[in-house]
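Engineer: Following this message is one structure expressed as structure tokens.
Where a number appears in this text, it was derived from the coordinates with a stated rule and is not lab data. All values derive from a computational prediction rather than experimental measurement. Ideal geometry is used to build each Cβ from the backbone, glycine not excepted, and the neighbour counts take in all protein chains shown.
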């Protein structure tokens, strides 16, 4: 365990009507404590899970390899400012780490390929094979297996996006084994009931305001998947 809690300061927010400060979960949640090497943020789309992960990355000085050159139709000056209005408490001082998001991982693989042109040894850190020559899922797992050997804080935003169920189970096993080693801590936003089943993981639901801890079987993801597997016809109209 490296990070023990994150504290929010809604009374200092510069606006109450613009995202992300307009999200109820950030107005009502005062703090989130981390009790396990694996903490999972669960809930519906748009509830703030990914937004908080990115804010934590900024606050913890963990780089996000994102292509920011694309133009936007509408620009929200507050979009990436949440980190300025929260604080984090470390157990024994800051540690390095990494941020993974399926949307930004491709930018990272392209950067790695450019670095490897100047120094092929860079690829040895990720299994010795170019990540862009593998399938998306294969390259993601190669990255995970290499990066998570290093002591650090790891933020993952919906890592299941490009992974088959079998590969999600492989990631689940990796998370469980790495967490037991004691050198890594994971904060994960996910919709995957497979990853939510990580032994010893602590689940926070962003469907509740303020955020609260929930049991695996309480999550809507578990209930919906269970009901669907038992009788898919219930969910199909016509």
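Engineer: Rounded, prolate or oblate for the stretch 180-232? Axes are the square roots of the Cα gyration tensor eigenvalues, ordered a ≥ b ≥ c, and the cut-off for rounded is a/c under 1.5.
Structural biologist: oblate
Engineer: Another question, then. What is the packing order of peptides 165-173, 179-187, 7-15, taking the mean over residues of other C-beta atoms within 10 Å and listing the highest first?
Structural biologist: 179-187, 165-173, 7-15
Engineer: Here is a follow-up. Cα centroid distance between the stretch 160-238 and the stretch 26-66, in Å?
Structural biologist: 16
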